[in-house]
Structures are given as C-alpha cells and as structure tokens.
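Below: one structure, written as structure tokens.
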Amino acid sequence: MSGVVICGPSFISVVEVPSSGGSCTIDLRLVALVGGLFSVKGCYIVDLLSGKELKQPPLFDVFVKLPEQMIEEKKC
C-alpha cells in the first residue's frame, strides 16, 4: 500500500477460522499520509499447521480527502 500505513501491529494472530467460507473480523487502524484513492491490499492468511501462505485479494478501497487548510498550505 502507498499513501496509507497501518498504525499498530501488522501481524495479528486470530482464532481458528473454519474452512469453506469461514470468516474472522479484526480491527485495524490506518493512517493516511497523503490524500487520494488507495486500495488496501497485501494481506496474507497463514495456515499454522502447514505453513502455507494464502494471499488475499485487495480488501477495500479508501478515499482520503485533505482538509481545506492543508490544500491551501500546499498552494503556497
């Protein structure tokens, strides 16, 4: 990801997730470095029994709008 970074741990251990459509919800905090449209991606699931890494598709897109004050400061 560029323009957005994770604030806090970048590796999170979760409980066992059932196969065939199982899911797990986690909380994470993102911090925007610049304004724009960004895709949150680069996440992997690791099967601890086999050690196999499963790359996940992009999770979501986020649009960051700069406050008007910052836009004016950049013009100067």
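All of the numbers you see were taken from the coordinates with simple rules; none came from a lab. None of these values were measured; they are calculated from a predicted model. Cβ sites come from the backbone with ideal geometry, for glycine too, and all protein chains shown count toward neighbours.
Mean residue ellipticity, 222 nm, helices only, the chain: the sum of -39500 (n - 2.57) across DSSP H runs of n ≥ 4, divided by residue count and rounded to 500, is -3000 deg cm²/dmol. Amide H to amide H distances under 5 Å link LYS41 with LEU59, where only residues 5 or more positions off or on other chains count and H is placed in the peptide plane. Compute for the chain: radius of gyration divided by Kirkwood radius, i.e. Rg/Rh, restricted to C-alpha atoms, rounded to two decimals. That ratio equals 1.11. In the chain, what is the count of Lys pairs whose alpha carbons are under 23 Å apart, counting only pairs at least 8 residues apart or on separate chains? Within the chain, the lysine pair count is 5. Basic side chains Lys and Arg get +1 at the Cβ, acidic Asp and Glu get -1 at the Cβ, and with that the dipole of the chain about its Cα centre reaches some 180 debye.
Counting only trypsin sites (Lys or Arg not before Pro) that DSSP places in a loop and that have at most 12 other Cβ atoms within 10 Å, the longest clean stretch of the chain runs over 1-51. Counting charges near GLY36 (Lys, Arg +1; Asp, Glu -1) among other residues having Cβ under 12 Å from its Cβ returns a value of 0. Under a Gaussian network description of the chain, with springs only between Cα atoms under 10 Å, the residue in GLY21, GLY36, GLY51 that fluctuates furthest is GLY21. For the stretch 3-15, 3J(HN,Hα) computed residue by residue from phi via the Karplus equation (6.51, -1.76, 1.60; θ = phi - 60°) reads x, 9, 10, 7, 9, x, x, 9, 10, 10, 8, 10, 5 Hz, glycine and proline entered as x. Computed on the chain, with alpha-carbon pairs under 8 angstrom and 6+ residues apart, the relative contact order is 29 percent.
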